Amino acid sequence: MKIIEVIVHTDHIDTVENIGDVYGVVDQWSIDSSDTDQRKVMRLLVDDKHRQAIMDALQNQLGRYETTRIVVQPVEVTLPPVEIDDKDKETEKENTSKSGATREELYESVSKNAELNSNFLLLVFLSTIVTAIGLVENNIAVVIGAMVIAPLLGPNIAFALGATLGDNELILTSLKTNLAGMGLALCLALITGLILPMDLNSEEVISRTYVGIDSVVLALASGAAAVLSLTTGLSSVLVGVMVAVALMPPTVTVGLMLGSGQIELAFGAALLLAVNVVCVNLAAKFVFLARGVKPRTWLEKRKAKQSTITYMAFWIISLLILLIAIYLRGRY
């Protein structure tokens, strides 16, 4: 559960209380504010299933007032334990959300990881160097270490969320960050392959030049698990590793192979990278839709519907083209 703290003018206290009653908060209480603008603080103790509906109702009713502020606070434990009575069970489906995290919480969490800044670029730089060393030395432990610090999960998930919510700004930001990160990794690996003599016949390198149906399944599972962890509030550390498996190693392999002049193997790694990017984004979009993540207002929903159609069509067509390429490459 979490506490939704609503700071409103005293004239709107009844509105907050009514919303709490309608949507079934666990508890609610008011606190007098110390400021001089006649505001009061209402605190609502809510569970995951009802939090999105309550947040939407509060924004719809009070969002136009400048004196209103809504703050969501975590709750470690509450006593006595909360019990759901029969009446709550009967009305649970009407006002509940499939997603454990609200739209606003998801946006706040995901958008931070989609920012293009010095920290992101430094993590890409470091993870690229570590990945290259691990691949060349055929050291899976080093490759795993690179997967842990690779930041490529954020921009890809943010891109899918932006399309789900019809947020063009988030789409452009995540696209720019993703291209910058993968571009930097590719350039560093290319330079490394050009200036440093190395044996690229290790098992870890060669495995990243092969792409098959199993690679498609791995990428789909990684993207789905990543978004599922975000929407349910589970830890995304292990999921981040899974997505890093699908993105950073093949990116570095492409650069190393191009730098060493092995164009055919570089093409195989590039095909694997393309398949993984497409599948991660496509799986992320499906999970967002399945978990009921959608915009709040009618106009935003209309924009999101248009972006969703475009987004899904683009990634599905891209995946079909890549599957044909995999088939032809395996045959010829």
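The values are calculated or read from the model by the stated rules, or taken from the named source; none is laboratory data. Just so it is clear, the model here is predicted, and its values are computed rather than measured. Don't worry about glycine lacking a Cβ; one is built from the backbone with ideal geometry, like all the others, and counts go over all protein chains shown.
For segment 78-104, the set of residues classified as surrounded by 16 or more Cβ atoms within 10 Å (Cβ to Cβ) and modelled with pLDDT of 70 or more consists of ALA101, THR102, ARG103, GLU104, listed by residue number.
Across segment 128-144, the number of residues qualifying as small (Gly, Ala, Ser) and surrounded by 21 or more Cβ atoms within 10 Å (Cβ to Cβ) comes to 2.
Within segment 10-23, residues that are under 11 Å from ARG43 (Cα atoms) reach partners that are assigned to a helix (DSSP H, G or I) and not aromatic (Phe, Trp, Tyr) with beta carbons closer than 8 Å, at six or more positions or on different chains, in the pairs VAL16/LEU58; VAL16/LEU62; GLY20/ILE54. Residues that are out of contact with any helix residue (DSSP H, G or I) (no Cβ under 7 Å at 6 or more places or on another chain) and at pLDDT 85 or above were ranked within segment 290-315; the one that is nearest to ASN178 (Cα to Cα) is PHE314.
Looking only at residues in segment 162-182 that are buried (at least 16 other Cβ atoms within 10 Å of the Cβ) and modelled with pLDDT under 90, which one is nearest to GLU104 (Cα to Cα)? Top of the filtered list is LEU165.
Scanning segment 203-232 for residues that are of a type outside the set (A, V, I, L, M) and free of Cβ contacts under 8 Å to residues at least 40 places away in the same chain turns up SER207, ASP214, SER229. Going residue by residue through segment 105-122, is there one that turns out to be buried (at least 19 other Cβ atoms within 10 Å of the Cβ), assigned by TED's automatic domain parsing to the domain that holds SER229, assigned to a helix (DSSP H, G or I) and modelled with pLDDT of 90 or more? The answer is yes, given that some residue of segment 105-122 is buried (at least 19 other Cβ atoms within 10 Å of the Cβ), assigned by TED's automatic domain parsing to the domain that holds SER229, assigned to a helix (DSSP H, G or I) and modelled with pLDDT of 90 or more. Per this entry, SER236 is counted among residues that are assigned by TED's automatic domain parsing to the domain that holds LEU188, surrounded by 19 or more Cβ atoms within 10 Å (Cβ to Cβ) and modelled with pLDDT under 85. Going by the conditions given, is SER215 under 18 Å from ALA325 (Cα atoms), of a type outside the set (A, V, I, L, M, F, W, C) and at pLDDT 85 or above? Yes. Restricting segment 1-53 to residues that are out of contact with any strand residue (DSSP E or B) (no Cβ under 7 Å at 6 or more places or on another chain) and acidic (Asp, Glu) leaves a set whose member that is surrounded by the most Cβ atoms within 10 Å (Cβ to Cβ) is ASP47.
Put simply, of ALA274, ALA185, ALA189 the only residue that is modelled with pLDDT of 90 or more and under 20 Å from GLY330 (Cβ atoms) is ALA274. Among the residues of segment 113-126, those that are touching a helix residue (DSSP H, G or I) at 6+ places or on another chain (Cβ under 8 Å) and closer than 19 Å to LEU170 by Cα comprise ASN113, ALA114, GLU115, LEU116, PHE120, LEU121.
Conditions (1) touching a strand residue (DSSP E or B) at 6+ places or on another chain (Cβ under 7 Å); (2) in a loop (DSSP other than H, G, I, E, B); (3) modelled with pLDDT of 90 or more; (4) surrounded by fewer than 16 Cβ atoms within 10 Å (Cβ to Cβ), marked per residue:
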residue	(1), (2), (3), (4)
ALA266	no, no, yes, no
ALA270	no, no, yes, no
LEU282	no, no, yes, no
LYS285	no, no, no, no
ILE324	no, no, yes, yes
